Amino acid sequence: MAECRGVVSIPHRFVPYDELVRLHGIDRQSLGDCKRRNHAKALTIKALTQ
């Protein structure tokens with residue numbers, strides 16, 4: 001299974017709050033999607049090997 005990406009880097013500049021919230025949301029969504037996808041893969045492999 002693929003490794004999930006780490007935390008997305010925040011730009012080295014002043015980041016307005018609304019942009020920070022958007023970047024954080026994208027990061028969390030990406031990580032959550034990856035974890036759920038890996039879990040589904042594991043369940044499928046387990047079901048196929050039984």
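The values are calculated or read from the model by the stated rules, or taken from the named source; none is laboratory data. Small disclaimer: the values here were computed from a predicted structure and weren't measured. Every residue, glycine among them, receives a Cβ derived from its backbone with ideal geometry; neighbour counts consider all protein chains shown. Note: areas computed on protein heavy atoms with side chains; ligands, DNA, RNA excluded. Shrake-Rupley method; radii C 1.70, N 1.55, O 1.52, S 1.80 Å.
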> For the chain, with every protein chain kept in place, what is the accessible area per residue (1.4 Å probe, Å²)?
Replying inline: 88
> What's the FRET efficiency of Thr49 with Gln29 using the Cβ-Cβ distance as r and R₀ = 30 Å, to the nearest 0.05?
Replying inline: 0.45
>> Output the 0 to 90 degree angle, nearest 10, between the alpha-carbon long axis of helix 17-49 and the longest principal axis computed from the alpha carbons of the chain.
In response: 10
> How much length is gained on full extension from Asp18 to Asn38, taking 0.36 nm per residue of separation minus their Cα-Cα distance?
Replying inline: 4.2 nm
> What is the dipole size for the chain, taken about its Cα centre, with +1 at each Lys and Arg Cβ and -1 at each Asp and Glu Cβ, in debye to the nearest 20?
Replying inline: 240
> For the chain, what is the calculated [θ] at 222 nm in deg cm²/dmol (nearest 500), taking -39500 (n - 2.57) for each run of four or more DSSP H residues and dividing by its residue count?
Replying inline: -24000 deg cm²/dmol
